[in-house]
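Student: Sharing a structure with you now.
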Amino acid sequence: MALPEPGIRRGPSAPSDGVRPPKTGELVARRLRRRIVEGSLSEGDYLPTEAALMEHFGVSRPTLREAFRVLESEGLIELRRGSRTGARVTVPGPEAIARPAALLLQLGKADLADVYRARSAIEPPAARLLALSGDDERYAALEEELELARAAVSDYERFAVVSAHFHLRLVELSGNQTLALMAGMVHEIILRQTQVSVRAHEATGAHGDYPRALRAYAKLVTLVRAGDGPAAERFWHRHLQVADELVLRGREATSVIDVLE
């Protein structure tokens, strides 16, 4: 593995302007982080030994370990303590953002209506982007999600999971990574609340809205496959308005913490 550019050298102290200059360990972490992001270090690669990195960067062992702690807290490396293999590169998935985001929503006393409004702002533009992509592989992937939903429509617990995943995959397949990240942040909350709604309907024997949801998924797939971005966006916006009202009825003010606990 090629080592990053050598030498962490601190220049003369700048006049204080209220901004703390980065510590040397943070600078080392920054260099290694850049290599991971750019792909010079890939998932599963092991970093060189501590001795090699200390010599390469011209830093002490405590400074290097401080850099490791920074990268470990970001989910970019895995430290195998007591092992001779050292630090291994890992690539965090959306869950790395979803967990702290859910915590922030809880701390901010967010309610379900807030979360579902966010979803309604994310998914319709994603439907438009997907339709306009002209990518047959993405279209086929959304059709696969539709088939999974069809297979689960009579299994209400399973349908809750598949339905939430259909919404998430719609955004992921749009090709916009920022929208996908945002959708991933609220996915767990949406999934939990969908499960609650399904169980409540199952207890009362009211299952009519699940086939209706399935028909909406099928129509969206048709619009996406036709490449009609504006129509896909409009239709999905209307669908979410109706679906969210059903799911949230009487629970709009429910706090996120009550859903996730």
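The values are calculated or read from the model by the stated rules, or taken from the named source; none is laboratory data. Source: prediction; values computed, not measured. Virtual Cβ from ideal backbone geometry, glycine too; neighbours counted across all protein chains shown.
Student: Could you please let me know if residue 72 is assigned to a helix (DSSP H, G or I), at pLDDT 85 or above and out of contact with any helix residue (DSSP H, G or I) (no Cβ under 6 Å at 6 or more places or on another chain)?
Tutor: Yes.
Student: Would you say residue 120 is of a type in the set (Ser, Thr, Tyr) and either modelled with pLDDT under 90 or surrounded by 17 or more Cβ atoms within 10 Å (Cβ to Cβ) (or both)?
Tutor: Judged against the criteria, residue 120 is not a match.
Student: Then there's this: If you take the residues of region 16-65 that are of a type in the set (A, V, I, L, M, F, W, C) and exposed (fewer than 12 other Cβ atoms within 10 Å of the Cβ), which of them is nearest to residue 91 (Cα to Cα)?
Tutor: For region 16-65, the residue satisfying everything is 37.
Student: Taking residue 162 as the residue in question, decide whether it is surrounded by 16 or more Cβ atoms within 10 Å (Cβ to Cβ) and closer than 16 Å to residue 239 by Cβ.
Tutor: no
Student: Tell me, yes or no, whether region 90-100 has at least one residue that is surrounded by 15 or more Cβ atoms within 10 Å (Cβ to Cβ), at pLDDT 85 or above and touching a strand residue (DSSP E or B) at 6+ places or on another chain (Cβ under 7 Å).
Tutor: yes
Student: In this structure, does residue 150 turn out to be surrounded by fewer than 16 Cβ atoms within 10 Å (Cβ to Cβ) and either in contact with a Phe, Trp or Tyr (Cβ under 9 Å, 6 or more places away or on another chain) or in the same structural domain as residue 100 (by TED's automatic domain parsing) (or both)?
Tutor: yes
Student: Another question about this same structure. Restricting to region 230-250, count the residues that are under 24 Å from the mean Cα position of the chain (by Cα) and surrounded by 15 or more Cβ atoms within 10 Å (Cβ to Cβ).
Tutor: 10
Student: Also, quick follow-up: When residues of region 128-159 are filtered for being touching a Leu at 6+ places or on another chain (Cβ under 7 Å) and assigned to a helix (DSSP H, G or I), how many remain?
Tutor: 7
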